[in-house]
Amino acid sequence: MTTTARCPTCRAVSHKDGNKLFPFCSERCHLVDLGRWLNEDYRIPDQPDTSGGGADSAVPQKPDES
Ligand SMILES: [Zn+2]
């Protein structure tokens, strides 16, 4: 049986078999996630967030519902 999971970065299906970076699908996605983690840990207030999250990081604001 092959264990599969969604890559936390690109959400592609990744397979655990022979994948040292599981649940990431590739080294690139692993590094992207690592970079995000480091950015949060060492955030510099003076710098605007232009690291390029793309549309993926844009969370639509929901109107207040009562
Ligand atoms: Zn990926």
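The values are calculated or read from the model by the stated rules, or taken from the named source; none is laboratory data. Remember, predicted model here, so these are calculated numbers, not experimental data. Reconstructed Cβ throughout: ideal geometry from the backbone, glycine too, with neighbour counts over all protein chains shown.
Based on this model, can you work out whether Ser57 counts as surrounded by 10 or more Cβ atoms within 10 Å (Cβ to Cβ) and modelled with pLDDT under 75?
Criteria met by Ser57.
Is there a residue being within 11 Å of the ligand (Cβ to nearest atom) and loosely packed, with under 13 Cβ neighbours inside 10 Å anywhere in region 14-26?
Scanning region 14-26 turns up no residue that is within 11 Å of the ligand (Cβ to nearest atom) and loosely packed, with under 13 Cβ neighbours inside 10 Å.
Of everything in region 27-38, what is loosely packed, with under 14 Cβ neighbours inside 10 Å and within 13 Å of the ligand (Cβ to nearest atom)? Give them in sequence order. Steps first, please.
Step one: filter region 27-38 for residues loosely packed, with under 14 Cβ neighbours inside 10 Å, giving 27-28, 31, 34-35, 37-38.
Of everything in region 27-38, those that are loosely packed, with under 14 Cβ neighbours inside 10 Å and within 13 Å of the ligand (Cβ to nearest atom) turn out to be Glu27, Arg28, Leu31, Leu34.
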